[in-house]
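Participant: Below you will find the structure I want to go over with you.
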Amino acid sequence: MPSAIEVRKVPIHSVSDASELTRLIDDGVIAADRVFAIIGKTEGNGGVNDYTRIIADRAFREALIAKGADPEQVKGVPIVWSGGTDGVISPHATIFAHLPEGAVPEDDPSREEMRLTAGFAMSEPLLPEEIGYVAMIEKVAAGVKVAMERAGITDPADVHYVQTKTPLLTIHTIRDAKSRGKSVWTEHTHESMDLSNGATGLGIAVALGEIDMPTDADVMHNRELYSSVASCSSGVELDVAQIVVVGNATGVGGRYRIGHSVMKDALDADGIWDAIRSAGLDLPERPRTSDLDGRLVNVFLKCEASQDGMVRGRRNAMLDDSDVHWHRQIKACVGGVTAAVTGDPAVFVSVSAAHQGPEGGGPVAAIVDMS
């Protein structure tokens, strides 16, 4: 059984800033060599050429090494950056670290209750010609099962959040596939972001028994197939799927719990509240931000512009806008809705939610402090 977890959300003050991670280590809240995952938002454009993700990745890894973590160990830490803080979304990172053995006594009552646990895995390398096809789905599904086992989770129902980072297609990788006589799903690199996320979402759904194995033809087309706990991001900085499985288990102990729900559409604030309730907070029927009482650590959402160009029966122009891509518009919209619920703009809202939650909506996960 994994050890108990400490999880903290910290602001990022500039693109290359990791000072708040350093502060946590200096204050003894976490140990550098016990950090096992970081999930955050950077302030770039969120597109294929968003190199703020690479800058932030380097800054946080260098900070861990400077504070004593083994460089080889740090290389294997999954650090998942979602680029783009459109609207009021604020750059931040959520840091997960295992507590030392004995930090939670064996007779602590929290060990008898469901508490936060997590596990990580890296998939086998994903070739450019596999992105968007069953081959990718199979590799992601296999990695999710490994991460579940490492988290000490045996029942898929206890998984509430699966965060991944996978490669998308670039001109370089498309050329590589062609040089080997292979074809790719699309030669539009920006479109490949949605594609990579969507196929990964299907892989998560397969691993957790939410759906049966889909066909190649289902990818990006059959939107009735989705995972309710998948949060998939993609970028240029890796060639494998980084997978972090977060859920609850007994025996771990600690202060934190996680829950999940889905937003049915871009305005579904109740879906966010339902995720917080699922995590274990007792809230009134019509809650307000003040009811959170400082116990919400963070929320993690995926969002998507509905393919019919409608929200609650009203037409919008996001999918027709040639000036500002819909990725940025829907992210800003859902970020605003989420911040209005939490009272905190440092929320993890990521776009491109194909096969992640219902069409036009998306999954929501919430981590709360039960102490």
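Participant: Of the residues Gly335, Gly360, which single one is in contact (Cβ under 8 Å) with a residue 24 or more places away in the chain and out of contact with any strand residue (DSSP E or B) (no Cβ under 6 Å at 6 or more places or on another chain)? Explain how you work it out, then say what you get.
Facilitator: Working: Gly335 fails: out of contact with any strand residue (DSSP E or B) (no Cβ under 6 Å at 6 or more places or on another chain).
Criteria check complete, one pass: Gly360.
Participant: Moving on. Looking at the range 64-103, which of its residues are touching a strand residue (DSSP E or B) at 6+ places or on another chain (Cβ under 6 Å) and of a type in the set (Gly, Ala, Ser)?
Facilitator: Selection gives Ser82, Gly83, Ala93, Ala97.
Participant: Hey, another quick one. Out of Ile171, Ile211, report the one residue that is crowded, with 16+ Cβ neighbours inside 10 Å and of a type in the set (A, V, I, L, M). Walk me through it before giving the result.
Facilitator: Details: Ile171 fails: crowded, with 16+ Cβ neighbours inside 10 Å.
Result of the check over Ile171, Ile211: Ile211.
Participant: Let me ask something else about it. Among the residues of the range 268-292, which ones are touching a residue at least 24 places away in the same chain (Cβ under 8 Å), surrounded by 15 or more Cβ atoms within 10 Å (Cβ to Cβ) and not polar (S, T, N, Q)?
Facilitator: Correct list: Asp268, Gly271, Ile272, Trp273, Asp274, Ala275, Ile276, Ala279, Gly280, Leu281, Leu292.
Participant: In the range 66-78, which residue that is open to solvent by less than 70 Å² (accessible area, probe 1.4 Å) and modelled with pLDDT of 95 or more is farthest from Thr166 (Cα to Cα)?
Facilitator: Gly68
Participant: His327 versus (1) in a helix (DSSP H, G or I); (2) in contact with a His (Cβ under 7 Å, 6 or more places away or on another chain): which is the lone unmet condition?
Facilitator: Checking His327 against (1) in a helix (DSSP H, G or I); (2) in contact with a His (Cβ under 7 Å, 6 or more places away or on another chain), the one that fails is (2).
Participant: Is it the case, given these coordinates, that Ile54 is open to solvent by 30 Å² or more (accessible area, probe 1.4 Å), touching a residue at least 12 places away in the same chain (Cβ under 8 Å) and among the hydrophobic types (A, V, I, L, M, F, W, C)?
Facilitator: It is true that Ile54 is open to solvent by 30 Å² or more (accessible area, probe 1.4 Å), touching a residue at least 12 places away in the same chain (Cβ under 8 Å) and among the hydrophobic types (A, V, I, L, M, F, W, C).
Participant: Picking from Lys145, Lys165, Lys139, Lys178, which residue would you name as being open to solvent by 70 Å² or more (accessible area, probe 1.4 Å) and under 19 Å from the mean Cα position of the chain (by Cα)?
Facilitator: Just one listed residue meets the conditions, Lys145.
The values are calculated or read from the model by the stated rules, or taken from the named source; none is laboratory data. As the structure is a prediction and not an experimental result, all values here were calculated from the model. Every residue, glycine among them, receives a Cβ derived from its backbone with ideal geometry; neighbour counts consider all protein chains shown. The area values use the complete protein model at the heavy-atom level, side chains included, leaving out ligands, DNA and RNA. Shrake-Rupley method; radii C 1.70, N 1.55, O 1.52, S 1.80 Å.
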